[in-house]
Structures are given as C-alpha cells and as structure tokens.
1. Once a ≥ b ≥ c are taken as the square roots of the eigenvalues of the Cα gyration tensor of the range 254-382, is the result rounded (a/c under 1.5), prolate (a/b larger than b/c) or oblate (a/b not larger than b/c)?
2. Kindly flag which residue pairs out of K329/K401; K193/K224; K304/K504 have an alpha-carbon separation exceeding 19 Å in this structure.
3. Identify all aspartates and glutamates with a Cα-Cα distance to K129 below 18 Å; exclude those on the same chain that are fewer than 8 residues away in sequence.
4. Let's test the formula: R0 of 30 Å, r as the Cβ-Cβ distance of V562 and A476. What FRET efficiency results, to the nearest 0.05?
5. Per residue, how many Å² of accessible area does the range 245-316 show with a 1.4 Å probe?
6. Report the Cα centroid-to-centroid distance between the range 245-262 and the range 353-367 in angstrom, as an integer.
7. For the chain, with only Lys/Arg (+1) and Asp/Glu (-1) charged at the beta-carbon, what is the dipole magnitude about the Cα centre, in debye rounded to 20?
8. Looking at the range 10-111, which GluC sites (Glu not before Pro) are in a loop (DSSP not H, G, I, E or B) and have at most 12 other Cβ atoms within 10 Å?
Amino acid sequence: MPEVRLPDGTIKSFDQPLSLAELAQSIGSGLARAAIAGRVDGKLVDTSHLIDRDAEVAIVTASDADGLEVIRHSTAHLLAQAVKQLFPDAQVTIGPVIEDGFYYDFSYKRPFTPEDLAAIEQRMQQIAKRDLPLTRQVMERTDAINFFKNEGEHYKAQIIESVPDGEEISLYGQGDFVDLCRGPHVPSTGKLKVFKLLKVAGAYWRGDSHNEMLQRIYGTAWAKKGDLQAYLFRLEEAEKRDHRKLGRQLDLFHSQDEAPGMVFWRPRGCRLWQQVEQYMRGVYRNNGYQEVRCPQILDVSLWKKSGHWDNFRENMFFTASENREYAVKPMNCPGHVQIFNSDLRSYRDLPLRYGEFGACHRDEPSGALHGLMRVRAFTQDDGHIFCMPEQIEPEVMNFHKQALKVYQDFGFTDVTVKLALRPDKRLGGDEVWDHAEAALRQALRGCNVQWHELPGEGAFYGPKIEYHLKDSIGRAWQIGTIQVDFMMPQRLGAEYVAEDNTRKAPVMLHRAIVGSMERFIGILIEHYAGALPLWLSPVQVVVLNISEHQSEYAESVAKRLVKAGFRASADLRNQKITYKIREHSMQKLPYQVIVGDKEVVASMIAVRARGGGDLGQMSLDSFVMRLRSELPAGTE
C-alpha cells in the first residue's frame, strides 16, 4: 500500500491506492478546495491521478508557478470549447501556454472580429460557472484519429498521426467538448475564474508559410483578479513605451519594405548607438580584450567544418561568386577562430580574449520580425575567450562581474541568472557536455549566485549561462550569455602548444553582455519610456532663445556646452518660446536652456529639467558641473 512523502518531510501511509484529490482531502479540506494539480515523483499530474505506490508528492495550488501554468493550459481548452459552441464549423488545432498566457489556433472561413472575441469571452465565463468536471481518457492511436476525423477535426487527426509510436494518446473532456492533450488540467472549469482574451493574429499551420493561414486568439489567465489587473496595466504601459512608436517620435530609426528586418539609423539614433558601443568598447579595453574585425562572408566550407551548416543552415543567407558559394555570417565565432589560428599559440598566451562589434545576418521568418527586437541584420558586442580547461572558472567569474556592472550602469538592477543545458540536437558526446556544464555550475557557485536550470535549451555547441533583466514595468528580457565550447576549436583546427610541448585544442568561451545592439537599444528605449538618462540621450541639452536678440548668445552657450563635451544644440527658430519648449519636451530631452534679455545682461542661463522642473537662473559653469555630476563613472 502506498506511502507518501510530502514536501515538508511528513510521511503518510494508506491502506489502499488513492487519488491526489483524496490525498489533499486527507491533509485538509482547505487544501483539497485549493488543489489544482500535483507532482508525483516530480511529474506534474491531474488531481484524479491514482497514487498506487510509494512516492514523493506535492499538492499544486493556484499560488504555485505550476498551478498557474495548469490554469492557463486549461483556459486555452475553455477558449476552444467556447469557439466550438459559437462557431461549430471552426476547427481547433493547437493551444499551448506561453509567457503570461496562452493562445489557440483555429481554422475558420472568415476572420474573427472584436465582437466575436467579446462573445467568445462571455461564453467562456458561462462555461466556467457551470463547473464542468474535466475527465481524462487514454485512446489507441487509430481510434483517436478516427474519433477526431468523425468530429470534423482534421488538424487534430494530423497531430495524432505525427505523435511518435509508443507515446500515450490522451484526451480530455469537459461537457460536450473533447480535446487532444497530454494534460494535466484543473479538476473542473469552476477553477477558471480570472481570464481575458487579448487579440487575434494570423499564424500558419505548423509555422509553414505554404500551409493554411490560421487565426490565433491570444488570452491571459491568472489566479487572482488583482494579478490580471496588474498585467493589463503592464500591457497598457508597454503600448505607451513601444520602441517602434518612440523611435519615430524621437527621430531615432525607421524600417522600410526595401530592407525587411533591417534598420535605418537616423542621426539621433546613431548617437545613441555610439554611446552604447563606446561604453562597451571601454568594457573590452578594461578587461583585457583585443578588438578584431572579420569578413562578412566566408566560404561555406568553413561553416560546414564549424557545424553551422548542419545545425543552423535554415537561418543563413547565401551568395556566390566565380563558382564559389559563400555564407553571410550569422555568427562571429568561426572568424575569431581563424584569427587565433593565424599564429602559433602557446599556453603562455592564454587566456586570449577577442572582441568584435560584429555585424551578423540571419534569415528570420518575416512574421517574426518586430522592430529592433527581432531583426535579420544585427550587431553584437561579441567576444570569444580562448583558454585552457582550468581557466574556464576564473574567466566565467570575471565575465559575471563585468556583466552585472554593465547592467547596473544601464539602469537594470533586477537580474536573474539561468543555466541552459544540452539540447537534443548537439555536437559532441555526453562526456564533453558533462565537463562543460560542471565548469559553469562551479563558476556560478564561485560567484555566490543563485541560478535556474533550463534543460534542453543550450546552444548546439555548448551549455550557456544566460542573464535575464527585468525592466521598469516588470518584463524579463534575456540579454547576455557566456557559453562553453569544446567542439568548435577542434572542428576548426585551433591548437596551442601546452606546457608539456604537446598540441592541444583550446576551450572557446562565447560571450556577449548586451547581445544584439539593436535589441538592447530597443529594450533601453522601452525601459526608460524614451526618457533616456543624460549619458545616453542623443541630445542632452537644447538652448532656446526667446527672440532673435538673444540668438548670438544662445549659439555661444551651445558651443561652450559642446566644447565641454556635451551633446548640445541651439534652436534659434523664430517661434514662440512656449511652442519650442513644448516641442522639445515631446522629444524627452534631459535639459532645456532658455535665454532672454535678462540672461544675456547677467551672463546667466535659465534651466528647465525634463518633466517641467524649472531650476531657475544659474551660471553656465554651475550648469556644466550639474551635468557632469549626473554622468556615471566611465561614461564621460
């Protein structure tokens, strides 16, 4: 008879098998009412799951991360049921959980309208209130295919046909609706109380543009009403902060159809880019990196040797000349290996650190492109460290300190560290991966940092540490990374002369702190809602004259500010001062300097800070001191 060990160490014995729901009831009626699902020996299961052997068991409630995922998964099924009731001819396809919510794809004869979305959400609420129990059944593959074909659900039949042999086919029913799903799900629809449908978008069946365009309904679900309201507020804030809108408003960049997924940087945007790049160039310089530059295209033979041809070819651009085929580089690493290979290296040369602001191109699907966040042409603050195995730990520890300092300087203080482990599609054997993963874990322990592990999410050539930054409205962004690679140096013939005079392949550490410069700048724009700190602002100060009588003085003030090292300009247009102040306030400039007859006579300036703060009159020297005091160390 089963003996159950609970998370607090308590052991409960039972005379006969029992369901997880019955276990929760034996612990307390409050827990039984709150139970959403459970974990049995680490596996997430329904509350109907039968415990018939000794096991470690945890009850999952809505307050747990697992519970929230189960709620969202079940709400996707609730959405599908509502759509089928309102639009019987619609076919359901897939409906996974995503960050902060879920979606479900449907095949239907016409686009869903906002009115349809409102009706679907209302029907979802009605079904939820009926508190329909969810029941699970296992079905033979052929029976399941025939079941869904008879229901007119041909997409579901296709999904089952693609399920590997031997894998269990499970179906979940709730009232008159049955769906294909691995589960688990909430015990009944009454557990689904807090949800909202958000939008409709197009999506190709199985992501293939040759297939039918489906309609994807996005939604969100939460455990508490307050959590939903907070999320909707974040969405509203995110809309206001959209870097694409601010990019136009602040005259930073634009995109156009002639170069999809590529960015045209305007003068102000280029100044912002330069501030980020020059700061990162200082990080290279201060941490022993030598800056290099590699060709944009390389013969495909090199990409075959590196492993990119087999593992990344579908995301690469190609070109040809004189009967030779070339690839436009999607990554900088093979080029850096060529520089390493260009001379005979000794163990005394290691670690050898190269850095490059390397432009890369990747053939991203057009539907995935999104402003600066997802592009086809991008530049990385890319670096590679060639070292000996015993140098991995100190190099990773040094990189960790560098990364945290950079993020703090850019205004990000909430940083989460994650360790992405071996994927199914990878180079090298388990022994190599064991070594690489152990080295990264040891380095993180040496940094005294907590981390989360991500099984299966490493790069094809090695595991990696990821840095996830939380922005000012609570969104997490994966930015920096450092990856251990034992394979590429070997594949590309990299060697050094070891202390015992033998030839050995170095370990290669791939590292980037801000990653894609385009994406990082997009994140900065949204983090600050366009109101960039003084050191990053493309224009730090604008000098405004009240009338043409002060034009010469205003221009001289602007020139003195430029000579002092600040990005300043003078607006001498024959416009009302209130108009000019309002216009430059819309540009979110940190400071506006206003000069009238009084300021000219007194050789003073009147200063307005961003947000409308009137700082009054002061000398130009005092203002320069104020500006310098706002600059972080090393950013002057």
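1. In terms of gyration-tensor shape, oblate.
2. Correct reply: K329/K401; K304/K504.
3. E121, D176
4. Taking R0 as 30 Å, the efficiency between V562 and A476 is 0.15.
5. 53
6. Taking the Cα centre of each part, the range 245-262 and the range 353-367 sit 18 Å apart.
7. On the way: 79 positive and 85 negative charges, 437 e Å.
Around 2100 debye, computed over the chain.
8. Details: sites: E22, E56, E69, E99; in loops: E99.
Those that pass, being in a loop and sparsely packed, are E99.
The values are calculated or read from the model by the stated rules, or taken from the named source; none is laboratory data. Keep in mind the model is a prediction, meaning the values are calculated, not measured. In this analysis, Cβ positions are derived from the backbone assuming ideal geometry, glycine residues included, and neighbour counts consider all displayed protein chains. Note: accessible area is taken over every heavy atom of the protein model, side chains too, but ligands, DNA and RNA are not part of it. Shrake-Rupley method; radii C 1.70, N 1.55, O 1.52, S 1.80 Å.
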